[in-house]
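Working notes, structure below.
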Amino acid sequence: MRVLGLDIGSRSVDAVWLQDGRIVDWEVADSGFDPGSVAAVFVDRGAHDAIVSTGYGRHGARERFGGTAVTEITAYGAGASVLFPDAASVLDIGGQDTKVISLGPSGKVIDFEMNDKCAAGTGKFLEVMARALGFTLGEMATAAMIAASGVAISSMCTVFAESEVTGLVHKGEDRARIARGLHESIAKRTLGSLKRVSARGPLVFAGGVAKNPAMVALIAEGFAGEVLVPVEAQIVGAFGAALSCPQDPAPRMT
Amino acid sequence: MSDQAVDYHPVWTELGLDLAAHDALLRAVGELFGDAYLTQQNRPQGMDYLNFVMSEVHGLRIKELDDYRKSGGTVFGTFCLYVPEEIIRAAGGWCVGLCAGAEFAYDQVEQIMPRNTCALIKSFMGFKLAKVCPYIESADLVIGETTCDGKKKAYELLGDIHNVYVMELPQMKREQDLAMWRGEIRALMAKVEEVTGNTITAESLKASIKEVNDKRRALQRIAATRAADPAPISGKDALLATQVAFYDDVPRFTQMMNALADELEARVAAGEGVAPKGAKRVLVTGTPMALPNWKLHDIIEKAGAVVVGEEMCTGSRYYQDLVSEDASTLDAMVDDIAEKYLDINCACFTPNQGRLDDVVRMAKELGADGVIDYSLQFCGLYEMESNAVEKTVRDAGFPVLKITTDYSMEDVGQLATRVEAFLEIL
């Protein structure tokens, strides 16, 4: 049976085609203003027997394409524990959500924490800050890696932090030190979340922000345990969704 | 259901409501109710009564209050369980809850109170300032209580524009606190007697104790049926019953709820339910959910689970304890009332072990698979106590999810993800 896993997120739509538990193909596309239609392109290929959707667009996708839906929490848990059978916890920093998940021995989700309604400390936050500093995302991460120390950023709210950054720029503060300070503040907040769900190592760091080497380095430095980053960190959700496909591909009533 | 033939605009005009704003509010609540309630499957027939009450919540009931006042009756508006309905009814008064469950006119509210005030307080003030709550406009006197700093100060602001009397609630449950509380109940009696012009007698108080206990007994019967799997009634419907208990005519409501309980008991005997047997069962605990706040229950139940209990003021705290019916003298009855009401486990007390015990006991008795702890943002008391709730519930072996939210709909997507993920791990 070939299963299409769709992760319809705020920044990207990710698709994974799974044949008997093995990835045969995958795609990542920008969500744009109409993520449902972006996903429809993948569905229209017709190369699947069943669909499982996750991400904030999961219910819309289930209504539109049929199949089943699981939350990102379950999907990331499943994906991470198949990629890394020893994984004890998962960190997913996506476009507008941060999730920390603590896994049981069989890869089952035991506990999780997710940020509230604002985008504090997420991919979106980094995008806004990079723009305020006149960096691309990549440049900002590099600058953060090079800076010897970071400026303390007290605000985690995207709007307030942007004003704080603007204020620091006007005071003539070094951009690289600000960039490092921003990464450090996200790392500190994330490590606090990990502590609250009693996350143990090895920790799988997935989601779009796991592609940011400065974030990975800071998390690895602050976390008491091994930190693993999948090669394609962005598609762990879609992979996990496909893995969560019930045996019977008929739509499940929930 | 109402055929909407009756036009209540004359009554609303007389009460001084802002008709255009009020019409808009009723439309919004109607839509919300339709989406949350009328889409449910397998509802008990007894819910027809509550559907009817909801369709007439600002109509027929307001007309009843109007007629009652015109015949010399006095209406008391309350916000909180600690105001004893028995005392008000013993003086021939009627007690109604006040609108505090939806976001309304926050722009006006934020001119007089801080933005970071809890939704419940902002809501009641918004309804008052925008003149869209016919209950507060029907209330000859609003009786407040000092259950939190926000409300305490809000009553001062409300006092500028409405008739308000405030009871002082102790914050501990020691002997000296009970003594103080007995004094507060007696002071309330004097106030109620003065406003109504009627005297409270041993006979009238005995009768009202019985009457209000009967209302609680009917709600207890409904609550008990929810321990069955499949649950015979949705959490949303059971929550609505408790919410309406604050507004409705007492004997009529009691009769209708007993009829609903009869039906639910028959459903349990027949193994009939609202959700399939084996559906995930959730106990909700935390801050009260004032009408029409159905947000969390709606998310939980639309995700396929069923809420089997509410450890909250719009739940078990409202009906689980009765006032003793043994006393024969007025003084002894008043003492019984004081004792019963001080027993309610609000987070405004310290310590508040009773609430923690109740949550665990209810989770066990109702066969809950997990507990969701619900706090309104900026409710310092419940947000603070949340930590103890989480620890206690976890130690008792139940998974727990903490939710902090308000009345806005902007976080519904994220809450749904958290609730669904929680259900997936149960």
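Each Lys and Arg adds +1 at its Cβ and each Asp and Glu adds -1 at its Cβ; summed about the Cα centre, chain A shows a dipole of about 440 debye.
For chain A, return all DSSP H helices satisfying: extent of Cα atoms along own axis at least 20 Å; mean Kyte-Doolittle hydropathy at least -1.0. Numbers along the way, then the final one.
Details: long enough: A:175-196 (32 Å, -0.65).
Counting only whole DSSP H runs, the qualifying helices are A:175-196.
The mean number of partner chain beta-carbon atoms within 10 angstrom of a residue's beta-carbon across peptide B:415-423 is 6.
Highest GNM mean-square fluctuation among B:ALA207, B:ALA20, B:ALA279, for chain B modelled with Cα contacts below 10 Å: B:ALA20.
Which of B:ASP298, B:ASP229 has the fewest other C-beta atoms within 10 Å, and how do the rest follow up to the most? Walk me through the numbers before you get to the answer.
Values: B:ASP298 22, B:ASP229 19.
So the residues, fewest neighbours to most, are B:ASP229, B:ASP298.
Loop-located GluC sites (Glu not before Pro) in the range B:236-274 (DSSP state not H, G, I, E or B) with no more than 13 neighbouring Cβ atoms inside 10 Å do not occur.
Each of B:THR199, B:THR392 was scored by other Cβ atoms within 10 Å of its Cβ. Listed from fewest to most, they are B:THR199, B:THR392.
Among the lysines of the range A:85-229, pairs at least eight places apart or on separate chains and with Cα atoms under 28 Å apart come to 20. The dipole here belongs to the protein assembly as shown: it is taken about the Cα centre, uses +1 on the Cβ of Lys and Arg and -1 on the Cβ of Asp and Glu, and is about 1300 debye.
Residues B:ASP107, A:ASP25, ranked from the fewest to the most other C-beta atoms within 10 Å, line up as B:ASP107, A:ASP25.
Listed by chain and number, the lysines whose C-alpha is less than 16 Å from the C-alpha of B:LYS173, apart from same-chain residues fewer than 8 away, are B:LYS340.
Provide a whole-number value for the mean count of partner chain Cβ atoms within 10 Å of the Cβ atoms in peptide A:109-115.
Details: counts 4, 2, 6, 6, 3, 6, 2.
Whole-number average of other-chain Cβ neighbours for A:109-115 is 4.
What is the distance in Å between the Cα centres of the range B:108-177 and the range B:201-245? Using only Cα atoms to place each centre, the spacing works out to 26 Å.
Of all segments of chain B bounded by trypsin sites (Lys or Arg not before Pro) found in a DSSP loop with no more than 12 other C-beta atoms within 10 Å, the longest spans B:278-426.
If you take all C-alpha pairs in the range B:311-426, what percent of them are over 18 Å apart?
Details: 3963 of 6670 pairs.
Summing the P(r) of the range B:311-426 above 18 Å gives 59 percent of all pairs.
So which chymotrypsin sites (Phe, Trp or Tyr not before Pro) in the range B:63-145 pass both tests, a DSSP loop state and at most 12 other Cβ atoms within 10 Å of the Cβ?
Numbers: sites: B:TYR68, B:PHE76, B:PHE79, B:TYR82, B:TRP94, B:PHE104, B:TYR106, B:PHE124, B:PHE127, B:TYR135; in loops: B:PHE79, B:TYR82, B:PHE104.
Here no chymotrypsin sites (Phe, Trp or Tyr not before Pro) fit, given the DSSP loop and packing criteria.
Checking the cross-link pairs B:LYS236/B:LYS391; B:LYS131/B:LYS215; B:LYS122/B:LYS151 against a 19 Å limit on the alpha carbon distance flags B:LYS236/B:LYS391; B:LYS131/B:LYS215 as lying beyond it. Pairwise Cα distances in the protein assembly as shown exceed 39 Å in 40 percent of cases.
None of the figures in this text is laboratory data; all of them are computed from the coordinates on show. What you are looking at is a predicted structure, and each value in this text was computed from that prediction instead of being measured. Cβ sites come from the backbone with ideal geometry, for glycine too, and all protein chains shown count toward neighbours.
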